[in-house]
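Reading through the structure tokens given below for one structure.
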Amino acid sequence: MRLIVSFTLATAVAAPAWAQFARAEDAVKYRQGAWYVLSQHFARIGAMVNGRAPYDARGALENAELVAALAKLPATAFGPGTERLSPKAKPEIWTEQARFREHNDKLVGESAKLLAAARVNNLDQLKAAYASTAATCKGCHDAYRNN
């Protein structure tokens, strides 16, 4: 009985997050959708910090909240079977899972800093946090995304 309970617990703990998707195609759609929505809200902040749109503290905050929340979502959808469906993703995502997770963790951290900067309503701080977050995005794209 202990063996069965131990095996069941070990299996449950070891079950990857991507198992929430019924099909690999669903995981790809999920992560692509999350990246798309994240990029739209990040671009709105970018327009403000780069002078292409007027600075709007409330809008910056709302968009930063969404970026910070959305940054946590896509990484769980890079499970086995999705690599064959991902022409934009380099194979290293699946062969360097630990390093890829580090990139994602950095994005989550930088997004939190972006949110903190948006909360203080200081355009210079928002610009700095935006630049740092954008550099994090670029670093991951350079390492793991085909052009």
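The values are calculated or read from the model by the stated rules, or taken from the named source; none is laboratory data. Not measured: the values here are computed from a predicted model. Methodologically, a virtual Cβ is constructed for each residue, glycine included, from the backbone with ideal geometry; neighbour enumeration extends over all protein chains shown. For accessibility, only protein heavy atoms count, side chains too; no ligands or nucleic acids. Shrake-Rupley method; radii C 1.70, N 1.55, O 1.52, S 1.80 Å.
Each residue of region 111-128 is assigned a 3J(HN,Hα), and the resulting list reads 5, 5, 5, 4, 5, 4, 5, 5, 5, 7, 6, 10, 4, 5, 5, 5, 4, 5 Hz, derived from the Karplus form 6.51 cos²θ - 1.76 cosθ + 1.60 (θ = phi - 60°), x at Gly and Pro. Amide H contacts under 5 Å for R145: K90, restricted to partners 5 or more places along the chain or on a different chain, H placed in the peptide plane at 1.01 Å from N.
Normalised by the number of residues in the chain, the average gap of Cα pairs under 8 Å and 6 or more apart makes the relative contact order 26 percent. Using a Cα distance threshold of under 14 Å, what count of lysine pairs results for the chain when pairs must be 8 or more residues apart or interchain? For the chain, the number of qualifying lysine pairs is 5.
Using only the Cα atoms of region 80-147, build the gyration tensor, take square roots of its eigenvalues as a ≥ b ≥ c, and label the shape rounded, prolate or oblate: rounded if a/c is under 1.5, else prolate if a/b is larger than b/c, else oblate. Let's see the in-between values first.
Details: a/c = 3.33, a/b = 2.61, b/c = 1.28.
Prolate shape, in that a/c is at least 1.5 and a/b is the bigger ratio.
Per the Cα gyration tensor, region 23-147 maps to an equivalent ellipsoid with semi-axes of 28, 14, 12 Å, ordered largest to smallest. Against the criterion of solvent-accessible heavy-atom surface with a 1.4 angstrom probe, L61, L66 sort, most first, into L66, L61. For region 40-93, the alpha-carbon coordinates run over 43, 20, 14 Å along the three principal axes, in decreasing order.
Using a Förster distance of 41 angstrom, determine the FRET efficiency expected from the C-beta separation of N121 and Q20, and round it to 0.05. Efficiency for this residue pair is about 0.65.
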